[in-house]
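Report on the following structure.
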Amino acid sequence: MKKLFSALLALCLVLCLFPVSASAANSISDYSDTQLKQLYEMVRDEMVKRGLPLAQEITLKEGKFIIGQDIQAGSYTIKCTETFGDTYGNAYSSLGGLFGGDLGGMMNSLGGMMGDLVNAQVEILGDYGTVIKSFELGIGDTSRITLEEGTALQISDGTCVLTAD
């Protein structure tokens, strides 16, 4: 009786493992382009339904991003990685090095000042473009924000990275 039970248990174990090994033979590389796109869309839609972030970090250059279309609603940390002030400042400093003398020193000073004066502008926009919240970020500055569907996030004069909380 014990041998029959052991044999049945072993057979069940082998039969349970067979579908796993058979399905492992199909890899994603075996999918056609159309099948792969359909799989991606299904996974993406399910992640959105569950409220899971689609990406850990999103780099946002200057522009307007619609919440619910371009960016999923949720809580985020936004960090400034580049400002146009620093870009312009580097250009002025380079010109200063080119000219030399008093004019070069003045251009270098202007370049250093630009980085402090021109920060990235971040706005959360509501209906008809009304500004719900607005703030500035310098390079390395962070802020926590909550983005709701039906609003937009607008970045001006810089680049930011959005990280899901």
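Data for the structure
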{"item": "Extension gain from Arg144 to Val48, taking 0.36 nm per residue of separation minus the Cα-Cα distance", "result": "32.4 nm"}
{"item": "Under Karplus coefficients 6.51, -1.76 and 1.60, residue-wise ³J(HN,Hα) of segment 156-165 in Hz, glycine/proline x", "result": "10, 6, x, 10, 10, 10, 9, 10, 5, 8"}
{"item": "Built amide H within the under 5 Å cut-off of Gly68, gap 5+", "result": "Ala73"}
{"item": "Potential extension, Gln35-Ile132 segment - 0.36 nm per residue separation minus Cα distance", "result": "30.7 nm"}
{"item": "Cut-off under 5 Å, modelled amide H: who pairs with Lys133 long-range", "result": "Ile124"}
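No lab work stands behind these numbers, since they all come straight from the coordinates. Since the structure is predicted, the reported quantities are computational estimates derived from the model, not experimental observations.
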